[in-house]
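Values in this text are rule-based calculations from the coordinates and carry no lab data. Predicted, not measured: the structure shown is a model, and the values here were computed from it. FYI the Cβ positions are ideal-geometry reconstructions off the backbone, even for glycines, and counts take in every protein chain you see.
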Amino acid sequence: MLDTRRIRPAPRIAAAQTISVVIPLYNGAAYIGEALRSVLDQTRPADEIIVVDDGSTDDGPAIVAPLAAAGLVTLLSRPNGGQSAARNFGVAHSHGDLIALLDQDDIWYPNHLAELSRPFRRTSHPEIGWVYSNLDRIAINGSMITRSFLSHLGAQHPKRDLARCLGEDMFVLPSASLISRRAFEAVGGFDERLCGYEDDDLFLRLFLHGYDNVFVDKALSKWRIHTGSASYSPRMAQSRMIYAGKLFAQFADRPEMGEFLVRDCSAPRFYRQILGQCLQTVRAGKPCPTAQVTADLRFVIRHLSLRGRLAARAFLPLLNRPGMLRALLASGPLWRRLAPHLLR
């Protein structure tokens with residue numbers, strides 16, 4: 001006799017879900033036309049395209065205006081509030097079941113939406129919160145730099161482990177992702193205080209909320225890197241410290257439980273990033289804001305292990321001696337011996 005207890009029903013195919021594209025625009029006249037063409041050329045067309053003019057002072061909105069007049073795009077305007085606020089504003093005015101984010105200077109390949117929307121077609125337990133893909137890295141002029149860039153970084157994909165999410169950049173780029181509206185709204189969208197690390201913050205909160213994620217290991221978009229992005233940005237530094245403070249508070253070490261997510265994951269990550277970016281700036285011959293870097297490092301260093309604190313504090317005085325620091329960086333063998341200890 002047939003044992004019906006052993007029969008599992010076939011997975012239910014979900015109804016077709018609508019997709020809203022949200023593009024924040026701020027002084028992006030040089031790129032927004034190409035970005036929009038890549039959206040309009042999708043093999044799976046978007047159901048709605050929203051461009052949020054975030055207080056632009058260039059001709060970017062004028063480039064979008066004819067498409068808006070033709071009914072192809074909805075153009076919204078707001079005072080400048082940063083990319084996180086512009087994205088939230090666009091999502092709040094959209095209606096799709098799925099949210100596709102695109103930065104003004106990035107580009108989608110024609111199969112981007114078709115590939116990323118496919119996993120959402122099946123009912124999944126746990127529920128899928130976002131699907132994201134590999135990407136190609138391009139220069140400011142659009143020339144290719146690295147194919148399948150994420151494959152070269154060693155980060156975990158898809159996201160399965162909290163310690164890895166805290167100890168390294170997640171490399172889930174908004175332009176390479178498709179997000180469930182229900183999940184986006186459940187976690188409150190982007191933290192509008194952040195102008196940098198806002199993507200890590202969002203996807204970490206989605207992960208913590210219990211939503212699943214799917215990684216498509218093929219490049220479905222082009223990520224444009226600007227040459228000035230390596231310099232020490234005060235806005236990025238401020239955002240990084242806000243995010244670090246959030247993580248240090250939320251995942252405070254619990255020695256009694258043997259849990260050291262700050263000491264072993266978050267603090268070393270931010271220490272490496274702050275010091276590494278400062279050293280990169282010095283190596284490029286640019287001024288590094290020593291007082292700010294020192295303050296940021298001191299905040300992070302007190303959360304390191306004892307060995308890490310001792311090594312870091314021994315190095316701090318060199319930040320006030322840029323000539324000696326440049327000589328050390330140029331010393332070759334000596335720097336290669338010291339770097340693993342300083343950037344651990």
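Couple of notes before you dig in:
- Backbone HN-Hα couplings from phi across region 141-147 [Karplus 6.51/-1.76/1.60, Hz, Gly and Pro as x]: 8, x, 6, 6, 10, 9, 6
- Using bins of 10 Å that start at zero, the share of Cα-Cα pairs per bin across region 19-225 amounts to 9, 37, 39, 14, 1, in whole %.
- Formal net charge of residues neighbouring Pro119 (Cβ-Cβ distance under 12 Å; K, R +1; D, E -1): 0
- If you take all other residues with their beta carbon under 11 Å from the beta carbon of His95, and give Lys and Arg +1 and Asp and Glu -1, the sum is -2.
- Based on C-alpha pairs under 8 angstrom that are at least 6 apart in sequence, the chain has a relative contact order of 15 percent.
- Translational diffusion coefficient (Stokes-Einstein; Kirkwood radius from C-alpha pairs) of region 231-342 at 25 °C, 0.890 mPa s, in µm²/s: 167 µm²/s
- The alpha carbons of region 172-228 give a radius of gyration and a Dmax of 12.6, 37 Å, in that order.
- Set of aspartates and glutamates with alpha-carbon distance to Lys159 below 19 Å, sequence-local pairs under 8 removed: Glu115, Glu127, Glu168, Asp169, Glu198, Asp199, Asp200, Asp201, Asp212, Asp217, Asp264
- Length-normalised contact order of region 105-153 in % [C-alpha pairs under 8 Å, at least 6 apart]: 23 percent
- Reciprocal mean inverse distance between Cα atoms of region 165-275 - Kirkwood radius, Å: 15.6 Å
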